[in-house]
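Working notes for the structure below.
The values are calculated or read from the model by the stated rules, or taken from the named source; none is laboratory data. Since this is a predicted model, take the numbers as computed values, not measurements. FYI the Cβ positions are ideal-geometry reconstructions off the backbone, even for glycines, and counts take in every protein chain you see.
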């Protein structure tokens, strides 16, 4: 027969071990969300004939997309405001799609796990200092060009939010499985 004190100790032990059980689930979930965001909500646009400019990468600029040279402007229809986000330089796609690894994040990637008591918080995103246009694509934006006085609208092309909603059920199932397995191990050990 189990006493109430023994039961409290067992529950306390489970709550203490909960973050360790959920961390691998979060790592896999963050990686899956990033992969889905890139594979389903972005597409390769480097050779797109509707792309406004074509970019040439020289050997020195493969690592630094900001130093890429504009080869020529393609005249013709502007890129469609509908459809998935086009990948031109790969900086945003690389930051979003980078897998979770200890001590390494691809330039611009934000993959973090925070623990506080029995609560584990997972962050997946993009560093706006490295990829400043990430928020404009995720939420849409409007910019004024000072020189001409013209307003430019960037349509909303969410990539992280729909990827997270697509993966939320499987991440929740994985978390529930991890908690159940933890409880089973603790009950067997007691």
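Miscellaneous remarks
- The residue pairs whose first member lies in segment 129-153 and is under 26 Å from residue 87 (Cβ atoms), whose second member is loosely packed, with under 10 Cβ neighbours inside 10 Å and modelled with pLDDT under 85, and whose beta carbons are closer than 7 Å, counting only pairs six or more residues apart or on different chains, are 152/145.
- Pick from segment 121-134, criterion touching a strand residue (DSSP E or B) at 6+ places or on another chain (Cβ under 7 Å) and under 23 Å from residue 89 (Cα atoms), ranking: surrounded by the fewest Cβ atoms within 10 Å (Cβ to Cβ): 127
- Just one of (1) at pLDDT 70 or above; (2) touching a strand residue (DSSP E or B) at 6+ places or on another chain (Cβ under 8 Å) fails for residue 83. It is (1).
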